[in-house]
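K.L.:
Pasting a structure below so you can have a look.
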Amino acid sequence: MSKINAIQAEALKSTPDNTTSIETNKPVANAAPVSKAAEKPAAAKTVASKPAVKTTAASTKKIEKTTAKTAEKTKVTKEKTPKLKMERDSFTMPKTEYAQFAVLKERLTKLGQPAKKSELLRAGIMQLSAMTDAALKAAMAKVPAIKTGRPKKK
């Protein structure tokens with residue numbers, strides 16, 4: 001075996017937490033689990049390019065950069081969610097009921113959960129959907145019927 005200098009020893013001691021140990025190719029003792037996609041490129045480059053003993057600080061930095069880039073790519077792909085199709089609509093309601101949006105939004109803000117009008121409407125739809133038939137019928141009996149359409153201009 002050849003001897004390593006002080007710089008190389010320092011580089012080996014400061015291996016990043018998310019990579020594998022260069023000498024043994026086993027996970028570092030306190031390392032977080034690394035996905036196989038992130039582990040393969042780093043391990044392949046170190047084994048194929050240079051023997052484990054002759055690792056320099058520059059090659060260790062390359063390994064860190066490669067691992068970081070691979071980890072970023074995997075995060076981006078995991079965050080993608082299927083896009084929901086939205087539906088736009090308009091409705092008419094009495095001013096007194098419309099004013100309840102402001103009251104409810106203020107209450108939710110005080111509770112630490114600010115909400116938008118559309119979120120309040122969606123929550124109401126969820127509550128109505130969860131009701132039994134009898135409860136839904138009773139709730140709808142309390143809502144007066146109004147004329148639909150736009151009000152006349154003055």
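The values are calculated or read from the model by the stated rules, or taken from the named source; none is laboratory data. Values in this document were obtained by computation on a predicted structure and should not be read as measured data. Reconstructed Cβ throughout: ideal geometry from the backbone, glycine too, with neighbour counts over all protein chains shown.
K.L.:
Would a scan of the stretch 54-64 turn up a residue that is assigned to a loop (DSSP other than H, G, I, E, B) and either surrounded by fewer than 11 Cβ atoms within 10 Å (Cβ to Cβ) or at pLDDT 95 or above (or both)?
P.N.:
The answer is no, given that none of the residues of the stretch 54-64 is assigned to a loop (DSSP other than H, G, I, E, B) and either surrounded by fewer than 11 Cβ atoms within 10 Å (Cβ to Cβ) or at pLDDT 95 or above (or both).
K.L.:
Quick one: in the stretch 131-149, which of the residues that are part of a loop (DSSP other than H, G, I, E, B) and surrounded by 10 or more Cβ atoms within 10 Å (Cβ to Cβ) is farthest from the chain's Cα centre (by Cα)?
P.N.:
In this case the residue turns out to be 146.
K.L.:
Could I ask something else about it? Return yes or no: is residue 115 in contact with a helix residue (DSSP H, G or I) (Cβ under 6 Å, 6 or more places away or on another chain) and either exposed (fewer than 11 other Cβ atoms within 10 Å of the Cβ) or assigned to a loop (DSSP other than H, G, I, E, B) (or both)?
P.N.:
yes
K.L.:
Something else now. Can you find a residue that is surrounded by 10 or more Cβ atoms within 10 Å (Cβ to Cβ), modelled with pLDDT under 70, among the hydroxyl-bearing types (Ser, Thr, Tyr) and not in a loop (DSSP other than H, G, I, E, B) anywhere in the stretch 96-112?
P.N.:
no
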